[in-house]
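Below is one structure; the comments refer to it alone.
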Amino acid sequence: QVQLVESGGGLVQAGGSLRLSCAASGRTFSRYDMGWFRRAPGKERDFVAGLNWSGHITRYAESVKGRFTISRDNAKNTVYLQMNSLKPDDTAVYYCAATSKSWGTASYDYAYWGQGTQVTVSS
């Protein structure tokens with residue numbers, strides 16, 4: 001089992017950048033594939049980015065390709081989401097998720113979730 005805690009959210013102007021962090025507890029972090037999701041007001045939770053246990057395989061939602069980068073540091077039990085060229089449409093609560101099974105882009109692919117961190121992009 002793993003506990004996840006996100007940080008790094010906040011208010012930023014359009015065109016700006018933020019880096020989200022997700023700190024994981026436990027000694028088996030490197031066994032988990034990780035993902036970032038987001039939920040905008042009035043919308044469902046959507047996949048943003050994911051990467052495998054080693055960090056060598058990544059996947060992105062079309063809406064964030066070329067702007068967001070997911071990475072991990074297994075020595076620090078942390079996964080990151082670097083967000084550049086932010087747009088007002090990126091405003092959402094961002095969630096970190098983990099799975100010990102085959103990862104994908106659906107919420108049900110992930111067993112463990114953080115509490116979320118708010119990202120607000122002003123125009």
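List the relative contact order of the chain as a percent without decimals, with contacts defined as Cα pairs under 8 Å and 6+ residues apart. Averaging sequence separation for qualifying contacts and normalising by length gives 36 percent for the chain. The equivalent ellipsoid that matches the C-alpha gyration tensor of the chain spans semi-axes of 23, 14, 13 angstrom, in descending order. By the scheme Lys and Arg +1, Asp and Glu -1, what is the net charge of all other residues having a beta-carbon under 12 Å from that of Cys22? Here the count lands on +1. Taking every DSSP beta bridge with both residues inside the chain, roughly what % is antiparallel (nearest 5)? That works out to approximately 90 percent antiparallel. Counting only residues at least eight positions apart within a chain, or on another chain, the lysines with an alpha carbon under 24 Å from that of Lys76 are Lys101. Note that the range 9-123 presents 52 Å² accessible area per residue, ligands and nucleic acids not counted, probe 1.4 Å. A simple count of charges around Trp113, restricted to other residues whose Cβ falls under 12 Å of its Cβ and scoring Lys, Arg +1 and Asp, Glu -1, yields 0. The lysines whose alpha-carbon is closer than 23 Å to the alpha-carbon of Lys65, local same-chain residues fewer than 8 away aside, are Lys43, Lys87.
The values are calculated or read from the model by the stated rules, or taken from the named source; none is laboratory data. What you see is a predicted model; the values in this text were computed from it and never measured. Cβ atoms come from the backbone with ideal geometry, glycine included; neighbour counts cover every protein chain shown. To get the accessible areas, we keep the full protein, side chains included, count just its heavy atoms, and leave off ligands, DNA and RNA. Shrake-Rupley method; radii C 1.70, N 1.55, O 1.52, S 1.80 Å.
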